[in-house]
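Input: a single structure, listed below in structure tokens.
The values are calculated or read from the model by the stated rules, or taken from the named source; none is laboratory data. Because the structure is a prediction, the values reported are computed rather than measured. Backbone-built Cβ (ideal geometry, glycine too); neighbour counts: all protein chains shown.
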Amino acid sequence: MFFVVIPTTDAQTPAPGVIAFTNARVIDGTGGPAIEQATIIVRNGKIDAVGPSASVTAPAGAMVVNLSGKTVMPGLINSHAHIDPDLSVKQPPNRDEMIQRLKTYATYGVTSVMTLGFETYDEADGFYLRDMQRLNIGPIVTDAPRLYASGRPILFRPGPTGNETPDDARIDVQRHVPLRADYIKLHLDGVPADLKPDVIAAAIDEAHKHGMQTAIHIVYLRDAKLAIERGVDVIAHSVRDMDIDAATIAEMKRRNVALIPTLVRDRSVFIYENLPDFFKDPFFLRGLPVYKHEVDLLSDPARQQRMRTDAATQDSKRQLAQGIKNLKMLSDAGIAIAMGSDSSSIPDRNLGRWAGYNEHIELELMVSAGLTPMQALTAATSTAARVMKIDGVGTLQAGKWADLVVLNANPLTDIKNTRQIDSVYIGGRKVNMAAAGGTN
Ligand SMILES: [Zn+2]
């Protein structure tokens, strides 16, 4: 077989030349205090130097961008994203809509996305787009986040795509090797037939054998424990049925298992029982070219009424509260928390998971759980990069890509200020905010 070597560090076309961003408050993503009156020097898309203007000065000939009064932070990394097209609106080809979803993320300051699971109908398109981006070819080399991808989830449920034996699971994971999946997504539905410890263990072991990490969809503590004990790397949703016990927290710590809470995912299950106020928020409306169809469906009073009486929908309120409680416990215990929203997952089935907008709601929910704004921002930047193995981004430090969000207000005083976006840069290149307006 013939393999093309695809450089993963050069995922976006960097801006040529030298740029000096001056007079900004810089939140560098490490969790350290903000630097006031700072200068960031960017050379060919990468950060050369960051520091107080007294010690870092713009070299002669640099393009100077004066950010007086602004706050700069690393671009958001969504550790649990999706980009699946809405088949109820448009039949394949899928790529245009996937591109539009990516570009929408970028207009909201999300500069890297890890898609945790494609669908059968779009997996090939997803990997194609990722590979084209890394080869620096095609429509998502600018104005789109860096795209990282896992393939179809590894399922354990009975059925044609489920895995019944350890060998089945190994073969399913091996399928991802030639695709060069950036992560392996496992999916436990919570039904008793799913709980096959040796099959789950084989999937995780096979992934690790090929140098790939694993993230698992769970709802219940029992399932999380099973996966943690079998070596899973990331729990991709909150535990939503009960408090996480001390022994499980200790085991997560010992094994270095991270959590992606996806609180906004649970909120999205019930919030549309009424017409939400944010449907009129200009920041939300920025994504309308992608959101429109779902907004129309969710604005139907009959649908809202059904949600008010649907038991599963209502139970999601309890699940969200439980997830919030568990997030705070895990954060306090020092477990790595990576921000992820589960946005854009199968839009014709899971309505209202807005690519771009919901990452900001997730940050707000993380703060409502008791995390500080700095902890939430760190989860969405450096910790997300570390947990999801996304190199070269996540902090504003020398040697990293200049993926940054310029804000008109300070998110450390109010996390909602992440929505005060002035501009977004990926690899030092300013994102064209109209780029996502496109094809619908
Ligand atoms: Zn998901």
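Condition test on R230, is it more than 15 Å from the ligand (Cβ to nearest atom), more than 13 Å from G340 (Cβ to Cβ) and buried (at least 19 other Cβ atoms within 10 Å of the Cβ)?
Judged against the criteria, R230 is a match.
Only one of these is modelled with pLDDT of 95 or more, among the basic types (K, R) and in a loop (DSSP other than H, G, I, E, B): K389, K328, K317. Name it. Don't jump to the end; show me each part of the working.
On the way: K328 fails: in a loop (DSSP other than H, G, I, E, B); K317 fails: in a loop (DSSP other than H, G, I, E, B).
Criteria check complete, one pass: K389.
Restricting the search to the range 133-155, which residues are touching a strand residue (DSSP E or B) at 6+ places or on another chain (Cβ under 7 Å) and of a type outside the set (V, I, T)?
If the condition is that a residue be touching a strand residue (DSSP E or B) at 6+ places or on another chain (Cβ under 7 Å) and of a type outside the set (V, I, T), then Q133, P145, R146, L147, Y148, A149, S150, P153, L155 are the ones that fit.
Just one of the numbered conditions (1) within 23 Å of G126 (Cα to Cα); (2) surrounded by fewer than 21 Cβ atoms within 10 Å (Cβ to Cβ); (3) in contact (Cβ under 8 Å) with a residue 60 or more places away in the chain is not true of S150; which one?
Going through the list (1) within 23 Å of G126 (Cα to Cα); (2) surrounded by fewer than 21 Cβ atoms within 10 Å (Cβ to Cβ); (3) in contact (Cβ under 8 Å) with a residue 60 or more places away in the chain, S150 breaks only (2).
For the range 332-343, indicate whether the set of residues that are part of a loop (DSSP other than H, G, I, E, B), within 16 Å of the ligand (Cβ to nearest atom) and at positive phi is non-empty.
So far as the range 332-343 goes, yes, one or more of its residues are part of a loop (DSSP other than H, G, I, E, B), within 16 Å of the ligand (Cβ to nearest atom) and at positive phi.
Can you pull out every residue in the range 165-179 that is touching a Phe, Trp or Tyr at 6+ places or on another chain (Cβ under 9 Å) and under 17 Å from A193 (Cβ atoms)?
Listed by number, the list holds a single entry, A169.
Which residues, counting only those in the range 405-420, are of a type outside the set (A, V, I, L, M) and surrounded by 20 or more Cβ atoms within 10 Å (Cβ to Cβ)?
Residues satisfying the conditions are P411, T418, R419.
On the basis of being under 23 Å from V367 (Cβ atoms), part of a helix (DSSP H, G or I) and more than 16 Å from the ligand (Cβ to nearest atom), does Y291 make the cut?
Here the answer is no, as Y291 does not meet what is asked.
Is it true that K400 is in contact (Cβ under 8 Å) with a residue 24 or more places away in the chain and farther than 23 Å from I47 by Cβ? Give the derivation first.
Numbers: in contact (Cβ under 8 Å) with a residue 24 or more places away in the chain: yes; farther than 23 Å from I47 by Cβ: no.
The answer is no for K400.
Return the pairs, sorted by first residue and then second, in which the second residue is of a type in the set (D, E) and surrounded by fewer than 19 Cβ atoms within 10 Å (Cβ to Cβ), the first residue lies in the range 209-221 and is closer than 19 Å to K389 by Cβ, the beta carbons are less than 9 Å apart, and the residues are 6+ apart or on different chains.
Filtered contacts from the range 209-221: H217/D189.
Of everything in the range 108-129 that's surrounded by fewer than 24 Cβ atoms within 10 Å (Cβ to Cβ) and of a type outside the set (A, V, I, L, M, F, W, C), which residue is nearest to the ligand (Cβ to nearest atom)?
E119
Does V239 meet the test of being surrounded by 19 or more Cβ atoms within 10 Å (Cβ to Cβ), away from the ligand (no atom under 16 Å from the Cβ) and under 21 Å from the mean Cα position of the chain (by Cα)?
On the way: surrounded by 19 or more Cβ atoms within 10 Å (Cβ to Cβ): yes; away from the ligand (no atom under 16 Å from the Cβ): no; under 21 Å from the mean Cα position of the chain (by Cα): yes.
So V239 fails the test.
Do the conditions hold for D348, that is, is it outside any helix (DSSP H, G or I), within 16 Å of the ligand (Cβ to nearest atom), of a type in the set (D, E) and within 21 Å of G117 (Cβ to Cβ)?
yes
Under 6 Å between Cβ atoms, at least 6 apart or on separate chains: pull out the pairs that start in the range 292-321 with a residue that is at positive phi and end on any residue that is at pLDDT below 95 and in a helix (DSSP H, G or I).
That search, which allows pairs on different chains as well, returns nothing.
With (1) within 24 Å of the chain's Cα centre (by Cα); (2) away from the ligand (no atom under 14 Å from the Cβ); (3) of a type in the set (D, E, K, R) as the list, and E273 as the residue in question, which single condition is left unmet?
(1)
Has the range 81-102 got any residue that is within 15 Å of the ligand (Cβ to nearest atom), part of a helix (DSSP H, G or I) and touching a strand residue (DSSP E or B) at 6+ places or on another chain (Cβ under 6 Å)?
No, the range 81-102 has no match at all.
Okay, residues lined up against (1) part of a loop (DSSP other than H, G, I, E, B); (2) surrounded by fewer than 21 Cβ atoms within 10 Å (Cβ to Cβ):
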residue: G29; (1), (2): yes, no
residue: I47; (1), (2): no, no
residue: G69; (1), (2): yes, yes
residue: M73; (1), (2): no, no
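Which members of the range 169-193 meet the condition of being at pLDDT below 95, more than 16 Å from the ligand (Cβ to nearest atom) and closer than 20 Å to F118 by Cα? Lay out the reasoning, then the answer.
Going through the range 169-193, the residues at pLDDT below 95 turn out to be 188-193.
In the following step, the residues that additionally are more than 16 Å from the ligand (Cβ to nearest atom) were identified as 191-193.
Correct list: empty.
What are the pairs, 6+ residues apart or on separate chains, where a residue within the range 226-244 that is within 24 Å of D315 (Cα to Cα) has its Cβ under 9 Å from a residue that is among the aromatic types (F, W, Y) and more than 16 Å from the ligand (Cβ to nearest atom)?
Matching pairs, first to second residue: V239/Y220; R240/Y220; D241/Y220; M242/Y220.
Could you tell me which numbered condition R353 fails, if it satisfies all but one of (1) more than 20 Å from the chain's Cα centre (by Cα); (2) crowded, with 22+ Cβ neighbours inside 10 Å?
Answer for R353: the failing condition is (1).
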